[in-house]
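Readers should treat all values here as calculations from the given coordinates under stated rules, not as data from a laboratory. Predicted model, so just to flag it, every value in this text is computed and none were measured. Quick reminder, even Gly has a Cβ in these numbers, built from the backbone with ideal geometry, and neighbours come from all protein chains shown.
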Amino acid sequence: MEISAFFFYLISSMILVFGILTVTTRKIFRSAIYLLFTLINVAALYFYLNYEFIAAVQIVVYVGGIVVLILFSLFLTHQVAGDLPSPPWQRLVFALLSCLFAFGFAFCLVMKHSFPENKNAPINLTVSYIGKQMLNYGDGGFVLPFEVVSILLLAAMIGCIAIAFKTKKNA
Amino acid sequence: MQNYSYILFVLIIPLAVFLITGLFGKRFQSFSGILGTAGMLVAAGLSYYAAYEYFIVGCRGADCTWPSIIAFKQTWLQFSPSLSIDMGIMVDSISVMMLVVVTTVSLMVHIYSIGYMQGEERYSTYYSFLSLFSFSMLGLVVATNIFQMYIFWELVGVSSFLLVGFYFTKPSAVAAAKKAFIVTRFADLGFLAGILILSYYSESLDFQTIIHRMMDHGAPIFTNANTASFMGLSALTWALCLIFIGGAGKSAMFPLHIWLPDAMEGPTPVSALIHAATMVVAGVFLVARLFPVYSQVPIALDFVAYVGIFSAFFAAIIACTQTDIKRVLAYSTMSQIGYMMFGLGVSGFWGSDGLGFSGSMFHLFTHAMFKALLFLGAGAVIHYIHSNEMGDMGGLRKKMPLTNAMFLIACLAISGIPPLSGFFSKEAILTAALHHNKLIYAVGLLTACLTAFYMFRLYFMIFWNKSHPEIYHEGNHGEAPLSMKTSIVFLGLATIGAGFIPFHDYVTAYDTLIVEFHLAPAIAAVAAGLIGIGVATAFYLKSSTMPIKISSSLGNIYQSAYKKFYVDELYLFVTKKIIFNLISIPAAWIDKNIVDGSMNLLSTATQNVSEGIKEVQSGKIADYVMWFFAGAILLLLLVVFAW
Amino acid sequence: MPEVKMTYILFVSFALFFIGAYGFLTRRNMITMLMAVELMLNAVNINFVVFNKYLYADKADGLFFTIFIITIAAAEAAVAIAIIINIYRKFRSIDAEDADTLKW
């Protein structure tokens, strides 16, 4: 086995193990931490695939932002103490069976599908290239989605403040 | 051919009076009485004119038969080209006679009620009901179509119900009204069945067509009706017997007579009009109207005759024991109608065989007069004494001289003493019975004797017998108001004079009747009447202990006669113990539990299913997500495999 | 081009997606449901990146999609947390079973 393949197997097994732990553990704080590790391992996968920019964005935004946000909210809602209740067993069984079935089915589809080969030469994805394409309004540019996402972020920010705003009436 | 369409007004005027007094009468109470009387006066005048035109102008000279003329006909419901219900007016000897009878008696009752019902709070309602009844009865007698007669038959029943239950605050009156309506309605079931069978076989509902077809022996219709049989009797026999059952209910023949004594709960003028002179003879009229068909089926005529004579005898026995004036008169009515029925039953059709028919019709005419007179006189007595029981009366002849005289005339008439009208009509019926069936003749004669007995018992106990002290108080009114006296006197005169109408010339079954006057039967009839009068005089003229000795020696027989032979109790037993328990209660159970239950089950099931379904929308996100996920997988499978 | 075949990485991404789905179906706490959603989104990201690298190496579309997805996921997580805090204020609990008033 090649050394890079070994790394790949390590990273993917960590992703899967931590993922499973995230969704099955009974203690909520541990679940958040397992999520954290899962996301870091995903970033490691991106590094493995030579997409450094995405890996960096993943770590900064997901790990450093969202997981922290989740942890804050856990503390804000006083959930840290105590165990999570387990759901009724019918739901467990149904969810497990359906997820397994769906996974098997989808993956069989993927296996059967013959993906076309790429004939063209790969481009070099540097940060400058990404930056230029982000603001490029020509062919292959992404300025429109960029602007839309900016507005969405603005709206989300205002929305969050508006929703969670404590008015004087609420105790 | 004269134009008789003015007879339509004879019907329309009472109907108009009914509507006006019914709708607007509350505002002018006393005027409604005058309006009703005036309307009936006009109608009576028109009827007399019609009778004059039909009988006298229509045929002068001997050897004429009076045809039946359709004065007015309107097709109402057309079922098929040959079968339709028409509304029309038939002018025929019996219908003209009945027009005269009904309008005259109704007019007398209208006049009488002005005095009798004075001060009554629902005066205008009373007159509107009277007019409704008059309209219905008149419509019944001029019917051209058997269904038209059935419609008016039911209308008459309704009017009777309204009038008997007039004092609806008395529970006994309400019960009596219900009983009358239910018993006659029950009999009408037979009537309807008979109509349907008869019209099915004769393929028409029209009287003239039915009679014509059923008289024609060669026609296939007649043979068809005669050969189609059920349980040994031909279809025609069944139809006629069932129709007679309907008539028997209305005419209070045994065993459907139970409503008539109770119907005396109504005001006395109502009893005079409805339950003496007009409505109760509707059954007799029905048989007379279909008489040509009845004469083809001897079994049906025998049925009519035996029911009639049995009712006559039965009622006469009971009347001997009753103490309420109106009950005695009610049983007397039942007895006399029995006479009319068996008069029809022993009659033939052609020539002098038809003596029974015209005798029966003659008796109908005279009986209307003197029975109405008896009732109105009884009403005057009740008005004076304020009580119905004979025990409260006695020795009234000095205080009520006019009533005394008129009542005596009527009692003599009903006993068949010449030269009053009752003699002529009763003698005709008994002669016809003598020629036809000796047994019926013998029982009829015995009944005549009993009739005289109980009528004079009634007369003496009211007007002569002073065995009780004067316990009644005299009101500040005299004998009777003028209106009551007027009508009583008129009817008295009619009773005296009606015997001299040459009835057998006018009203016959088919053609002219040759009446031979036999002395022997006449003397037998008069003798029977005199014997009855004599016995009554012996017992009741002065107070004596003979009645009580005889009644106690007869013991049980007297008791059961007094209790009207327990017919009412038998009916109650059958309905309560048998019909209610065996049929009504299971039927009610089925209705409540099975029919209602299945409906309730349907609704409960729907409710439960919907409650089960609504659990799907539980508000829990996890449940929604599961449904969503399952749906997504299903769609995925669908897309991959079935697209 | 790394030696790992594309289907192996796709296996990872699919498995992670369905792990996230299982978690979303099973968990009762709203924040843990949110965490499962994040897992699913990450699986999708991996998918995009893999396809970009193996099949469309001359274009950068998959990369940009991934960037946008990350951005939007962040915004959505923020809004979700705000709503959860609001629900916590009303129902005094963030159990998904307790917020069931929008029912029949």
Enter the mean number of other protein chain beta carbons within 10 Å of the beta carbon of each residue in C:62-72, as an integer. 6
What residues have an amide H closer than 5 Å to that of B:GLY165, excluding those fewer than 5 places away on the same chain, when H is modeled at 1.01 Å from N in the peptide plane? none
Candidate aspartates and glutamates - alpha carbon under 15 Å from A:LYS132, same-chain residues fewer than 8 apart omitted: A:GLU147, C:ASP61
May I ask you to list, by number, the DSSP H helices of chain A whose Cα span along the axis is at least 27 Å and whose average Kyte-Doolittle hydropathy reaches 0.0 or more? A:3-24, A:28-48, A:89-112, A:143-164
With 10 Å bins from 0: P(r) over chain B, alpha-carbon pairs, percent: 3, 15, 25, 24, 15, 6, 3, 3, 3, 2, 1, 0
Just to verify a number: FRET efficiency for B:LYS26 and B:TYR6, C-beta to C-beta distance, R0 = 25 Å, to 0.05? 0.20
Ordered by residue, what ³J(HN,Hα) values in Hz, to whole numbers, does segment C:40-57 give under the Karplus form 6.51 cos²θ - 1.76 cosθ + 1.60, where θ = phi - 60° and Gly and Pro are x? 4, 5, 5, 4, 5, 4, 4, 4, 4, 4, 5, 5, 4, 6, 8, 10, 10, 5
If Rh is defined by the Kirkwood formula over all Cα pairs and Rg also comes from Cα, what ratio Rg/Rh do you get for segment B:101-195? 1.02
Structure-based [θ]222 nm, the protein assembly as shown - -39500 (n - 2.57) summed over DSSP H runs of at least 4, per residue, nearest 500: -22500 deg cm²/dmol
Calculate log10 I(q)/I(0) of segment B:306-465 for q = 0.12, 0.19 Å⁻¹, where I(q) comes from the Debye formula with a single equal point scatterer on each Cα and nothing for solvent. -0.49, -1.07
So for the pair B:SER172, B:SER544, with labels modelled 7 Å out along Cα→Cβ, what separation do we get in nm? 3.1
Simple spin-label estimate for C:ARG92/B:GLN607, 7 Å along Cα→Cβ, in nm, reads 3.5
Calculate the mean, over all residues of peptide A:160-167, of how many other protein chain Cβ atoms lie within 10 angstrom of the residue's Cβ. 4
Let me have the relative contact order for segment C:1-98, percent, based on Cα pairs under 8 Å that are six or more residues apart. 28
In nm², what is the average projected area of the convex hull enclosing the Cα atoms of segment B:145-286? 8.5
Could you work out the Kirkwood radius for segment B:1-132, taking every pair of different alpha carbons, averaging 1/r and inverting it, reported in Å? 16.3
Given an 8 Å cut-off on Cα distances and at least 6 residues of separation, report the relative contact order of chain B as a percent. 12
Tell me, A:LEU154, B:LEU373, B:LEU132 in order of fewest to most beta-carbon neighbours within 10 Å? A:LEU154, B:LEU132, B:LEU373
Mind pulling the angle between the C-alpha long axis of helix B:596-614 and the longest principal axis of chain B? Nearest 10 degrees, somewhere in 0 to 90. 20
Please give the helix C:61-91 orientation as an angle from the longest Cα principal axis of chain C, in degrees from 0 to 90, rounded to the nearest 10. 10
What FRET efficiency, computed as 1/(1 + (r/R0)^6) with R0 = 56 Å and r the Cβ-Cβ distance, is obtained for A:LYS119 and A:LEU76, rounded to the nearest 0.05? 0.55
Given +1 on the Cβ of Lys and Arg, -1 on the Cβ of Asp and Glu, and no further charges, what dipole in debye does the protein assembly as shown carry about its Cα centre, rounded to the nearest 20? 2080
In peptide A:89-96, how many Cβ atoms from other protein chains are near each Cβ within 10 Å, on average? 4
J(HN,Hα) series, segment B:430-445, from Karplus relation 6.51 cos²θ - 1.76 cosθ + 1.60, nearest Hz, glycine and proline x: 5, 4, 4, 5, 4, 6, 10, 8, 5, 5, 4, 4, 4, 5, x, 5
Residues whose placed amide H lies under 5 Å from that of B:TRP76, excluding near-sequence neighbours: B:ILE85, B:ASP86, B:MET87
Kindly write out, for segment B:80-90 in residue order, the coupling ³J(HN,Hα) from the Karplus curve 6.51 cos²θ - 1.76 cosθ + 1.60 (θ = phi - 60°), rounded to whole Hz, with x marking Gly and Pro. 8, x, 9, 10, 8, 9, 10, 10, x, 10, 9
Which one, A:ILE20, A:ILE161, A:ILE59, has the greatest fluctuation when you compute a Gaussian network model over chain A with C-alpha springs under 10 angstrom? A:ILE161
If neighbour count is taken as other Cβ atoms inside 10 Å, put B:TYR571, C:TYR54 in order from fewest to most. B:TYR571, C:TYR54
In bins 20 Å wide, starting from 0, what share of all Cα pairs of the protein assembly as shown does each bin hold, as a percent? 12, 30, 13, 5, 13, 18, 8, 1
Could you tell me which of the pairs B:LYS438/B:LYS564; B:LYS371/B:LYS426; B:LYS620/C:LYS90; B:LYS614/C:LYS103; B:LYS399/B:LYS549 are separated by over 20 angstrom between their Cα atoms in the structure shown? B:LYS438/B:LYS564; B:LYS399/B:LYS549
Could you tell me the relative contact order of segment B:353-431? Use alpha-carbon pairs under 8 Å, at least six residues apart, and round to a whole percent. 44
What angle, in degrees between 0 and 90 and rounded to the nearest 10, separates the Cα long axis of helix C:6-26 from the longest principal axis of the Cα atoms of chain C? 0
Residues whose placed amide H lies under 5 Å from that of B:ILE70, excluding near-sequence neighbours: B:VAL91
